[in-house]
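Everything on this sheet refers to the single structure shown next.
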Amino acid sequence: MPEKNRIELGSLWDIVLVLADGEFHSGEELGLLLNISRTAVWKHLQKLEYFGVNLSSVKGKGYCIPGGLDLLCSKKITSLLKSKQQLELNIFPQIDSTNSFLMEQLDPARQVCCAEFQSAGRGRRGRLWVSPMAQNLYFSIGWGFEGGVAAIEGLSLVVGVAISRALNKCGLKDVKLKWPNDVLYQNKKLAGVLIEMTGDPSGYCQVVIGVGLNVSMQELHATGIDQPWAALNSMLAEDGLPHMSRNQVTAMLLDELLNILQAYESEGLSFYLDEWMNIAAYKGQQVELRNGQALINGTFAGVTESGALRLLCDGREQIFHGGEVSLRSLA
């Protein structure tokens, strides 16, 4: 995606909604929609490159988005949800960051923010999360916990379990979880989790859980990704399984997250540790741990009851907590 000043969708979104069907629409038709000239329509459409949208134009036929766009729909997502828990679902055509939106709310608990496009999507440690329009899932859910920071130790691991359950239901097997918050498939990153907290560090706190999941990511939009990656529908296609719509995947993820977050309040992390370890990446393998400027080599030995990393270094077990810690395979 080109680096340039942020572009607002504005009235361009009305054109996107028409072109989302994947059919050709003439410049005249689109001009009438916005009450502008065909030349102005063309200028508007040039902005779609910034949002990661492929546009085709054929003289005499007009413009189309090949394959159309799989847009999110609150009614479809709500109808697909099995959970009866009350949620406030917000879907934005464009937003800087779904996490930032919920963090700005007075009470983000049980609010969900989804976006078709993020202009400033964030991963862990401030990394950019590549967010082309209508290809992947970018959403956040808010939750409230009593007990402050201590109550949410290992929460990212539990969220990973929820994501793996949802992906299994989509048909994707052998999903792996990399400590502390990445979801892998065939050793490639499929999804990531970013958790932020506000409120009382020792009392009632509010947590915003951001999830980025590659659904239909295309190679041409992945030039900014600095590690191997995978996309759900590509993996399903390799196994001869049908594609999943983004609305279907969103509903499945929300169902699993709602179930596991509600149980986590009473059960804690220990209830899910065995499940997490069963699908943990790099078990028993030699790995490199990056902790700030330090590099530590050891054997991945699992996690503690609080979700901290257990690493065998020269025959002695060492414990590492979250924050600036990341894990990389040496293989």
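State whether the residues of the stretch 199-221 include one that is crowded, with 21+ Cβ neighbours inside 10 Å and without any contact (Cβ under 8 Å) to a residue 60 or more places away in the chain. No: the stretch 199-221 contains no residue that is crowded, with 21+ Cβ neighbours inside 10 Å and without any contact (Cβ under 8 Å) to a residue 60 or more places away in the chain.
So which of Leu30, Leu72 is in contact with a strand residue (DSSP E or B) (Cβ under 8 Å, 6 or more places away or on another chain) and assigned to a loop (DSSP other than H, G, I, E, B)? Steps first, please.
Working: Leu30 fails: assigned to a loop (DSSP other than H, G, I, E, B).
Within the list Leu30, Leu72, the selection yields Leu72.
Pairing each residue of the stretch 257-271 that is in contact (Cβ under 8 Å) with a residue 24 or more places away in the chain and on the phi < 0 side of the Ramachandran plot with any residue that is open to solvent by 10 Å² or more (accessible area, probe 1.4 Å) and of a type in the set (Asp, Glu), provided the two are 6+ apart or on different chains, yields C-beta distances under 7 Å for Leu269/Glu153; Leu269/Glu305; Ser270/Glu305.
Kindly indicate whether Glu196 is open to solvent by 10 Å² or more (accessible area, probe 1.4 Å), part of a strand (DSSP E or B) and of a type in the set (D, E, K, R). Don't jump to the end; show me each part of the working.
On the way: open to solvent by 10 Å² or more (accessible area, probe 1.4 Å): yes; part of a strand (DSSP E or B): yes; of a type in the set (D, E, K, R): yes.
Spelling it out, Glu196 is indeed open to solvent by 10 Å² or more (accessible area, probe 1.4 Å), part of a strand (DSSP E or B) and of a type in the set (D, E, K, R).
As a summary of the residue check, Gly31 satisfies the conditions (1) open to solvent by less than 30 Å² (accessible area, probe 1.4 Å); (2) touching a Pro at 6+ places or on another chain (Cβ under 9 Å) except for the one numbered (2). Every condition in (1) modelled with pLDDT of 90 or more; (2) within 22 Å of Asp174 (Cβ to Cβ); (3) over 24 Å from the mean Cα position of the chain (by Cα); (4) surrounded by fewer than 13 Cβ atoms within 10 Å (Cβ to Cβ) is met by Ile319 except one, and the failing one is (2).
What do you reckon, is Lys59 modelled with pLDDT under 90 and either exposed (fewer than 15 other Cβ atoms within 10 Å of the Cβ) or hydroxyl-bearing (Ser, Thr, Tyr) (or both)? No; evaluated as a whole, the condition is false for this residue. Summed over the stretch 250-279, the residues that are among the hydrophobic types (A, V, I, L, M, F, W, C) and over 18 Å from Lys82 (Cβ atoms) give a count of 6.
Checking the conditions here, which among Val41, Val53 is surrounded by 18 or more Cβ atoms within 10 Å (Cβ to Cβ) and part of a loop (DSSP other than H, G, I, E, B)?
Unique residue meeting the criteria: Val53.
Being more than 30 Å from Asn90 (Cβ to Cβ), in contact (Cβ under 8 Å) with a residue 12 or more places away in the chain, buried (at least 20 other Cβ atoms within 10 Å of the Cβ) and not acidic (Asp, Glu) is the requirement here; does Val287 meet it? In short, yes. When you check Ile77 against the structure, is it out of contact with any Phe, Trp or Tyr (no Cβ under 8 Å at 6 or more places or on another chain), β-branched (Val, Ile, Thr) and closer than 30 Å to Asn259 by Cα, yes or no? Judged against the criteria, Ile77 is a match.
The values are calculated or read from the model by the stated rules, or taken from the named source; none is laboratory data. These numbers come from a predicted model, not from an experiment. Cβ atoms come from the backbone with ideal geometry, glycine included; neighbour counts cover every protein chain shown. Ligands, DNA and RNA are excluded from the accessible area calculation, which covers all protein heavy atoms including side chains. Shrake-Rupley method; radii C 1.70, N 1.55, O 1.52, S 1.80 Å.
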